[in-house]
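The structure under discussion appears below in the form of structure tokens.
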Ligand code: PLP
């Protein structure tokens, strides 16, 4: 291509042109093959080029591709909402469809504020969140995000939402271990609520497993339950941002389920459409919808392309595919296999500090020194180099790490399609070793 007018992540960067995808592989125009160990951005959960999804989208397109949500509903949107209500735990029954994870978390935030308004409580409008988090790029979602790098340019426009430390056990600010720590990082939420006043707080938002900002940081056993109890005790809604963790990525529809928690509102995205179409959802419990139903009856959000029939048909086909092939049941075993293989690399490569995560959402944190856990300097751009070295070897991994308390948290996420086979996992490890060998 001589001149490109497409705005890419790096305006002057060079990006291979992908010709087609099949299963866990992508093939570029020059014939180079990539093993997609990131599922793009933890999105292509059932792999590329799955015919059943394409067929469902084609059939929907033959009928109608677009109807406007304020004028009509569609069979595809109704069926998808019904399927989600069936698959999600508890009474998480009410789906508001949008087009991206950012829109989903922002809709969730607005639903929470509206819930209190409809109950006649207008002071509860603050959303609390954590550092080392990412909830999206639109301004409301970015306000909630504890991601200094992505916030920096827009700070004057953002609310100062993030308030507490995440359960980043590898770099615990208290230098303690769970459960002996008694979840002091979760307790920070109680302190923050008392400082700000529960009367002013609508909700707390949490990624059950920290994704882009942290590199698959999964919490210790009772962390999420502790958070939920603090929220309940103070009349604050819990929003689970399951944009990355949901739709089977950790072996359940919601990662929250793994820790026995049912949030009040959930955001789904990425794996919901598995990359076949842009679709995401804010899903509320009966409790959240009831006062709105009894009051204004309008959830105050929406986009022109919300509940787009074509996207809904794709997502419905993805969920049916997951169910029919019992894919979620295989995730725990595959995750354990991959994690063990990644753990083995620690002794081979001096710069692997931590291997973590759950299901097929795994992370590796890089350090300058394994014993002291000293990080690399920021200007070494270690995450970026690792991603590039892997790509050269034909392996796609996802960059992560937002930085906290002066530590960059250089890390990558390994999150292949849930359909990956053992042979392909062995190839993944082989390619990763090849890339790491160049770094060392
Ligand atoms: N929430 C989480 C946990 C995410 O990982 C992301 C994207 O990485 C988002 C929200 C934003 O989603 P999107 O990029 O689809 O707007």
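Please treat every number below as a calculation from the coordinates, not as lab data. From a predicted model like this one, the values you see are computed outputs, not experimental measurements. Cβ sites come from the backbone with ideal geometry, for glycine too, and all protein chains shown count toward neighbours.
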Springs between alpha-carbon pairs under 10 angstrom, Gaussian network model over the chain: which of 12, 354, 369 fluctuates most? 12
Highest-fluctuation residue, 191, 226, 383 considered, GNM on the chain with Cα pairs under 10 Å: 191
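How do 312, 181 line up, fewest other C-beta atoms within 10 Å first?
Details: 312 28, 181 18.
So the residues, fewest neighbours to most, are 181, 312.
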Quick one: grab the alpha carbon gyration tensor of segment 271-383, order the square roots of its eigenvalues as a ≥ b ≥ c, and give me rounded if a/c is under 1.5, else prolate or oblate depending on whether a/b is larger than b/c. prolate
Cα-Cα pairs of segment 53-324 separated by more than 24 Å (percent): 47
Who wins for biggest fluctuation among 239, 352, 217 in a Gaussian network model of the chain, springs between alpha carbons below 10 Å? 352
With the crude spin-label approximation of a point 7 Å out along Cα→Cβ, what separation in nm comes out for residue 86 versus residue 378? 5.0
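Among 418, 139, 268, 26, rank each residue by its count of other Cβ atoms within 10 Å, from fewest to most, as a rough exposure measure.
Working: 418 28, 139 13, 268 32, 26 22.
Placing the least packed residue first, the sequence is 139, 26, 418, 268.
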How much of the DSSP beta bridge set in segment 53-324 is antiparallel, as a percent to the nearest 5? 50
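Taking R0 as 45 Å, what FRET efficiency do you get between residue 388 and residue 65 from their Cβ-Cβ distance, rounded to the nearest 0.05? The partial results should precede the final answer.
Working: r = 38 Å, r/R0 = 0.84.
It comes to 0.75.
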Highest to lowest packing among 98-106, 31-39, 395-403, scored as the average C-beta count within 10 Å: 98-106, 395-403, 31-39
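For a quick protection proxy, order the peptides 182-189, 289-296, 272-279 by their average other-Cβ count within 10 Å, most packed first.
Numbers: 182-189: 19.6, 289-296: 14.9, 272-279: 26.0.
The densest-packed peptide leads the list: 272-279, 182-189, 289-296.
At 222 nm, what value in deg cm²/dmol follows for the chain if DSSP H runs of at least 4 each add -39500 (n - 2.57) and the sum is divided by all its residues, to the nearest 500? The partial results should precede the final answer.
On the way: 14 runs with 161 residues, N = 440.
Value at 222 nm, helices only: -11000 deg cm²/dmol.
What is the order of 304, 123, 330, 107, fewest Cβ neighbours within 10 Å to most?
Taking fewest neighbouring Cβ atoms as first place, the list is 304, 123, 330, 107.
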